[in-house]
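Undergrad: Let me give you the structure first, and then I'll get to my questions.
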Amino acid sequence: MSPSLDILGGITAEQFLAEYWQKKPLLVRNALPEIANLLEPSDVMELALDENISARLIKQKDKDPNQWSVKSSPLIKADFQKMPKLWTLLIQAVDHYSFDLAELWKKFPFIPQWRRDDIMVSYAPKGGSVGKHFDFYDVFLVQGYGHRRWQLGQMCDAETAFVAGQPLKLLPEMEVNFDEVLAPGDLLYVPPGLSHYGVAEDDCLTYSFGFRMPNVAEMMDRVSDKFADDQLLKNPLTDIIRDKISPIGQISQAELEYLKAELLAQLQNPTVLEDALMSLMSESKYPENIPEAEAMGTGDLEEALDLGYSLILEPASRLLYTEDENEFLFWANGEGICISDVFAPILKQIADGNPVLLDEKLYDPDILEDVVNLLNESILMLLPAADSE
């Protein structure tokens with residue numbers, strides 16, 4: 001049994017997963033006090049004007065708050081002129097721009113990295129919201145600045161009706177079963193499908209730590225892509241069932257079963273399926289946020305040994321692995337990567353969120369070459385060791 005976790009209100013990860021995960025909400029007061037004031041409203045407003053940021057500006061009309069508008073990035077200063085009383089600014093993947101925020105993923109060690117979506121920040125003045133809605137993913141709502149009132153209601157699904165004629169998927173009504181105001185550091189876990197409605201009590205920032213599962217359509221698309229890249233699979237099948245004459249307009253049941261069997265046989269290829277799924281899961285959600293690395297060679301890296309640097313995962317990149325009988329296979333940003341066997345255990349540590357000190361222990365030609373390649377591809381990055389502690 002793992003130890004109790006402050007972020008879960010003193011219960012264990014096992015208890016949370018058994019009783020709450022994808023089942024019911026959990027409110028924890030002062031669960032993440034270190035998030036308080038990491039960013040302020042002015043920081044978020046400045047970020048919103050960055051041409052590379054993914055943001056949405058949501059407004060409600062003064063004369064009719066039930067009428068909404070949405071402007072997506074890129075946003076400019078003019079978008080914030082003549083503002084209505086009620087509005088909200090949403091910025092995706094703010095963890096890609098703040099190491100302090102990215103570090104807070106480590107507060108959720110009971111959910112694997114491949115389930116992470118991003119950390120979104122929501123800024124709203126008093127009264128601002130994004131309306132009554134629900135999500136198909138798990139989210140931990142953490143208050144970082146100011147106060148927000150949260151109401152939770154009924155469970156929803158794909159058949160739930162939305163308000164017609166609006167740019168957001170808004171619920172026409174909500175059966176309120178929960179009504180609490182969150183202060184800085186407070187956390188509210190909301191499972192998929194649970195309707196919720198957050199309204200700013202004052203100038204406030206709320207962080208959404210999102211965890212998302214893939215859908216079947218995405219997985220099938222990726223498997224299809226892998227099949228499309230296989231030249232052998234582009235060859236026509238052998239017609240081995242032409243043993244009797246049938247009407248020219250008919251596909252016989254035997255013929256149909258043969259075609260299905262050939263397709264299913266390929267779908268059961270474990271190597272293709274694993275590669276397809278791992279490439280999908282390791283894709284960066286916001287590849288445009290991956291910075292262009294400054295090219296370096298092994299000589300440059302040797303000079304950096306013992307200068308106090310740590311190797312960490314670039315926040316906008318993804319690095320995942322599988323393990324089978326102590327053999328590690330790695331995927332990063334949607335592609336399988338090849339590394340030396342001696343570097344694999346070290347790269348596993350980094351994928352698991354642990355910084356690795358760049359010192360003489362890594363002085364191995366194969367390791368240095370692997371590290372340089374991953375740095376040049378912006379999968380890994382160097383960080384002063386003092387900042388990674």
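The values are calculated or read from the model by the stated rules, or taken from the named source; none is laboratory data. All values reported here derive from a predicted model rather than from experimental measurement. For neighbour counting, all protein chains shown are included, and Cβ atoms are generated from backbone atoms with ideal geometry for every residue, glycine included. Areas reflect the complete protein model, heavy atoms only, side chains present, ligands, DNA and RNA absent. Shrake-Rupley method; radii C 1.70, N 1.55, O 1.52, S 1.80 Å.
Undergrad: Which ones in segment 36-51 are more than 16 Å from residue 203 (Cα to Cα) and either aromatic (Phe, Trp, Tyr) or surrounded by 13 or more Cβ atoms within 10 Å (Cβ to Cβ) (or both)? Write out each step before concluding.
TA: The initial filter retains those residues of segment 36-51 that are more than 16 Å from residue 203 (Cα to Cα), namely 47-51.
Across segment 36-51, the qualifying residues are 47, 48, 49, 50.
Undergrad: Looking at the structure I just gave you, is residue 27 touching a helix residue (DSSP H, G or I) at 6+ places or on another chain (Cβ under 8 Å) and surrounded by 12 or more Cβ atoms within 10 Å (Cβ to Cβ)? Talk me through it step by step, then tell me what you get.
TA: Details: touching a helix residue (DSSP H, G or I) at 6+ places or on another chain (Cβ under 8 Å): no; surrounded by 12 or more Cβ atoms within 10 Å (Cβ to Cβ): yes.
Criteria not met by residue 27.
Undergrad: Which members of segment 81-96 meet the condition of being more than 17 Å from residue 130 (Cβ to Cβ) and either in contact with a Pro (Cβ under 8 Å, 6 or more places away or on another chain) or open to solvent by less than 50 Å² (accessible area, probe 1.4 Å) (or both)?
TA: At the first step, the residues of segment 81-96 found to be more than 17 Å from residue 130 (Cβ to Cβ) are 81-82, 93, 95-96.
Of everything in segment 81-96, those that are more than 17 Å from residue 130 (Cβ to Cβ) and either in contact with a Pro (Cβ under 8 Å, 6 or more places away or on another chain) or open to solvent by less than 50 Å² (accessible area, probe 1.4 Å) (or both) turn out to be 93, 95, 96.
Undergrad: Another one. I'd like to know if segment 356-367 contains one or more residues that are basic (Lys, Arg) and under 20 Å from the mean Cα position of the chain (by Cα). Step through it out loud before you land on a result.
TA: Residues of segment 356-367 basic (Lys, Arg): 361.
Cutting the leftovers down to under 20 Å from the mean Cα position of the chain (by Cα) gives us none.
No - not one qualifying residue is present in segment 356-367.
Undergrad: Answer with yes or no whether residue 153 is in contact (Cβ under 8 Å) with a residue 40 or more places away in the chain, more than 24 Å from residue 57 (Cα to Cα) and outside any strand (DSSP E or B). Show your work before the answer.
TA: Details: in contact (Cβ under 8 Å) with a residue 40 or more places away in the chain: yes; more than 24 Å from residue 57 (Cα to Cα): yes; outside any strand (DSSP E or B): no.
No, not satisfied.
Undergrad: Kindly evaluate residue 322 against the criterion of being within 23 Å of residue 225 (Cβ to Cβ), in contact with a Leu (Cβ under 7 Å, 6 or more places away or on another chain) and not acidic (Asp, Glu). Break it down into steps so the answer makes sense when it comes.
TA: Values: within 23 Å of residue 225 (Cβ to Cβ): yes; in contact with a Leu (Cβ under 7 Å, 6 or more places away or on another chain): yes; not acidic (Asp, Glu): yes.
So residue 322 passes the test.
Undergrad: Can you tell me which of (1) modelled with pLDDT of 95 or more; (2) outside any loop (DSSP other than H, G, I, E, B) is the one residue 102 doesn't meet?
TA: For residue 102, the exception is condition (1).
Undergrad: Residue 326: more than 30 Å from residue 242 (Cβ to Cβ) and free of Cβ contacts under 8 Å to residues at least 12 places away in the same chain, yes or no?
TA: On the way: more than 30 Å from residue 242 (Cβ to Cβ): yes; free of Cβ contacts under 8 Å to residues at least 12 places away in the same chain: yes.
So residue 326 passes the test.
Undergrad: Out of (1) surrounded by fewer than 12 Cβ atoms within 10 Å (Cβ to Cβ); (2) on the phi > 0 side of the Ramachandran plot, what's the single condition that is false for residue 63?
TA: It fails just one condition, (2).
Undergrad: Against the conditions (1) within 19 Å of residue 291 (Cα to Cα); (2) open to solvent by 40 Å² or more (accessible area, probe 1.4 Å), where does residue 311 fall short? Just the number, please.
TA: So residue 311 meets the others, but not (2).
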